[in-house]
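Below: one structure, written as structure tokens.
Derivation of every value follows stated rules applied to the coordinates shown; laboratory data play no part. Small disclaimer: the values here were computed from a predicted structure and weren't measured. We place every Cβ from the backbone using ideal geometry, glycine too, and count neighbours over all the protein chains shown.
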Amino acid sequence: MSTGCYPDGTMGEVFINAAHANSALDALASDAAIALSFALQHGADLSTIELAMKRTAGGDPSSPIGAALDRLLP
């Protein structure tokens with residue numbers, strides 16, 4: 001996972017690649033990162049997006065994008 005930021009340090013892009021290139025999981029993770037990037041570029045707040053993601057009963061993320069958000073936010 002990597003990110004791209006604006007000159008002021010604000011995050012504007014997220015890139016996620018799964019372990020197996022060109023796999024279904026890689027495609028889903030990449031598409032989710034693109035959607036997240038568009039949301040960020042249009043003013044969405046990372047913490048608000050994180051709160052909207054599904055979680056397991058134990059509070060862990062249910063998806064790769066949820067896990068990525070956990071890594072991006074303090």
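I need 53, 1 ordered by Cβ neighbour count within 10 Å, fewest first. Write out the running numbers ahead of the final one.
Details: 53 16, 1 13.
Result, fewest neighbours first: 1, 53.
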On the principal axes of its Cα set, how long, how wide and how thick is region 2-72? Give whole Å, largest value first. 33, 30, 17
Within region 48-74, list the residues whose amide N lies under 20 Å from a label point set 7 Å along Cα→Cβ of residue 15. 64-73
